[in-house]
Each structure stands twice: as structure tokens, then as C-alpha cells.
Amino acid sequence: MKKTYKIDVDCANCANKMEEAAKNTAGVADASVNFMALKMSVEFEEGADVKAVMVEVLKNCKKVEDDCEIFL
């Protein structure tokens, strides 16, 4: 399953950090961040709890870029 979320991030480098943090989260098969569109696409692993995984993605993104936001 793939979902797209609106994000708020200040710079392209920060967006890259968010993308890497999302990709390294358990339950995420793949993730990509489009800085220009301020969107994050997340592909979930089979059987993953989407809401629980996204809470972890947000936590991991906040670790690398504390003023970012993902609108769940």
C-alpha cells in the first residue's frame, strides 16, 4: 500500500534527511520526499499497521529535523 502525506520542511537538505529517516523505519518498504511539492510518499510493507508506522516515521523524522512536520 502506498500513501502520500503533506509535509512542512524548510530546505531540500532537510527533506533528504526526512526521506532517509522514513526509509529506515520498520514497516516502510520505500519512501520519497518531494521538497518542491511538500509531499512525502510512503510505501508500506505487507500487513503493516499504517497509522502506527506513520507515528514512528514522524518520530524518526523529528530526530533528524526537529522543526519538520508530517500532516497525518
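Values quoted throughout were computed directly from the atomic coordinates according to the rules given, and no laboratory measurement underlies them. Note that the structure is predicted; figures quoted are calculated from it, not measured. For neighbour counting, all protein chains shown are included, and Cβ atoms are generated from backbone atoms with ideal geometry for every residue, glycine included.
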#### Entry: J(HN,Hα) series, the stretch 49-61, from Karplus relation 6.51 cos²θ - 1.76 cosθ + 1.60, nearest Hz, glycine and proline x
7, 4, 5, 5, 5, 5, 4, 5, 4, 4, 4, 5, 5
### Task
For the chain, set up a Gaussian network in which alpha carbons nearer than 10 Å are linked by springs, and say which option among Lys17, Lys51, Lys62 fluctuates the most.
Lys51
### Spin-label model distance (nm) - Asp66 vs Ala29, 7 Å beyond Cα toward Cβ
3.6 nm
#### Entry: Computed log₁₀ I(q)/I(0) - Debye formula, equal Cα scatterers, no solvent, the stretch 2-71, q 0.14 Å⁻¹
-0.33
### Summary
Residues whose modelled amide H sits under 5 Å from the amide H of Cys68, counting only those 5 or more places away in sequence or on another chain, are none
